């Protein structure tokens with residue numbers, strides 16, 4: 001995140017591949033004086049327990065890591081063996097956890 005911020009590129013949101021990455025990004029944003037929730041939206045993915053206890057609480061998509069791993073391994077085995085399995089059950093149940101890290105959408109001027 002620090003390297004990205006050094007490039008001084010405009011952005012309004014970022015998505016961490018997992019909650020720990022998102023929390024690290026929030027820390028880097030704070031160090032640069034960027035207001036998470038006010039200026040930039042940050043979301044994570046995996047719903048770790050600590051995400052809701054961070055400051056501010058992280059908005060995240062909670063998923064079963066075990067089920068995600070099972071489906072990933074099944075896809076890898078399928079790709080390696082050439083045996084295409086059933087697509088039934090490919091959907092991963094998830095739950096949106098609303099924290100306080102999403103900024104309000106920008107309003108268009110009339």
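The values are calculated or read from the model by the stated rules, or taken from the named source; none is laboratory data. Because the structure is predicted, anything quoted here is derived from the model rather than measured. Don't worry about glycine lacking a Cβ; one is built from the backbone with ideal geometry, like all the others, and counts go over all protein chains shown.
Considering 93, 65, which residue is in contact with a strand residue (DSSP E or B) (Cβ under 9 Å, 6 or more places away or on another chain) and without any contact (Cβ under 8 Å) to a residue 24 or more places away in the chain?
The conditions single out 65.
Quick one: which helices (runs of 4 or more DSSP H) sit completely within the chain and have at least 3 residues that are surrounded by 10 or more Cβ atoms within 10 Å (Cβ to Cβ) and at pLDDT below 90?
65-81
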